[in-house]
Amino acid sequence: AWEYHLRTEEFEWSYQVYEIYGLSPTVEVTSDRGIAAYHPDDRDEIRDAFTAAVDSGESYDLELRLIDNNDDLRWVRTRGEPQFNDAGEVVRVRGTIQDITERKTRADELQQMRNAVDNAPIGIVVSDPTQDDNPLVYVNDGFVDETGYTREEAVGRNCRFLQGEETDETTVAELRQAIDAEEPASVTIRNYRADGSAFWNRLEIA
């Protein structure tokens, strides 16, 4: 937590804020010093938000990059909440700063993985066997391009909608047995596109 007093222009930081900045609690804190620690591309945003809190009484809640005193980059969530006197004037700003580096890193990694799957040159689908009839819950662009079915048409349905009159029942039974046993499977199966045309599908299930 931190607090800024407008009359004295003094900052108060909790010990944890000093830790995030990588500073000793004996260091004198100013608004310029606090803002200067942010990534150059994020300084204007935090400066404008803090100024608006002091001058206009606007609160803020931002996720920004901060470079601590050891030159380590951190993602932080920083919040500021103006406090008013009886006349409606801002007399102080109170806030918090939270290190969210681990969460942001994990989110970025997940997004990179999602982007890789979305743009893979093959059809990839995810189903949810905890739901009734094991419906698809995700299909990528490769699946849409290959089958002609839109995401809206595919998601929520069991993947058997790709089967048709010439789909081999023995192969279907092999797939069903593997899924029921929660085991991987690899087969070549005759499937059908949205326009009714058939294609041979090398299907890998994990």
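The values are calculated or read from the model by the stated rules, or taken from the named source; none is laboratory data. As the structure is a computational prediction, the values presented were derived from the model and not from experiment. Cβ placement follows ideal geometry from the backbone for every residue including glycine, while neighbour counts extend to all protein chains displayed. Heavy atoms of the whole protein, side chains included, go into the accessibility calculation; ligands, DNA and RNA do not. Shrake-Rupley method; radii C 1.70, N 1.55, O 1.52, S 1.80 Å.
Taking R0 as 30 Å, what FRET efficiency do you get between residue 169 and residue 118 from their Cβ-Cβ distance, rounded to the nearest 0.05? So, using R0 = 30 Å, E works out to roughly 0.35.
Take residue 26: with every protein chain present and a 1.4 Å probe, its accessible area is about 120 Å².
Ordered from highest to lowest accessible area with the whole protein assembly present and a 1.4 Å probe, 101, 170 read as 170, 101.
In the chain, the portion of solvent-accessible area held by carbon and sulfur atoms comes to 44 percent [1.4 Å probe, whole percent, DNA, RNA and ligands not counted].
Each residue of region 154-161 is assigned a 3J(HN,Hα), and the resulting list reads 8, 5, x, 10, 5, 5, 5, 5 Hz, derived from the Karplus form 6.51 cos²θ - 1.76 cosθ + 1.60 (θ = phi - 60°), x at Gly and Pro. Charge dipole (Cα centre; +1 on Lys/Arg Cβ, -1 on Asp/Glu Cβ; no other charges) of the chain amounts to roughly 80 debye.
The slack between residue 94 and residue 130, meaning 0.36 nm per residue of separation minus the straight C-alpha distance, is 8.4 nm.
Can you give the relative contact order of the chain as a percent, counting alpha carbon pairs under 8 Å and 6+ residues apart? Spell out each step's value before the answer.
Values: 321 pairs, mean separation 24.5, N = 206.
Value for the chain: 12 percent.
Candidates 29, 62, 2 compared by Cα position along the dipole of region 1-153: farthest toward the positive end lies 29, with charges placed on Cβ.
Please report the relative contact order for region 1-62, taking Cα pairs under 8 Å with a sequence separation of at least 6, and give it as a percent rounded to a whole number.
Computed over region 1-62, the figure is 20 percent.
Annotation for region 1-80: GluC sites (Glu not before Pro) lying in DSSP loop with at most 10 further Cβ atoms inside 10 Å of their Cβ are 9, 28. Spin-label pair residue 30-residue 178: with each label point 7 Å from Cα along the Cα-Cβ axis, the two points sit 6.8 nm from one another. For the chain, the longest principal axis of the alpha carbon atoms and the long axis of helix 43-56 meet at an angle near 60°. Between the entries (1) 1.35; (2) 1.28; (3) 1.58, the label attached to Rg/Rh (Cα atoms, Kirkwood Rh) calculated for this structure is (2). Loop-resident GluC sites (Glu not before Pro) (DSSP state other than H, G, I, E or B) in region 98-184 with no more than 14 further Cβ atoms inside 10 Å of their Cβ: 165, 166, 182.
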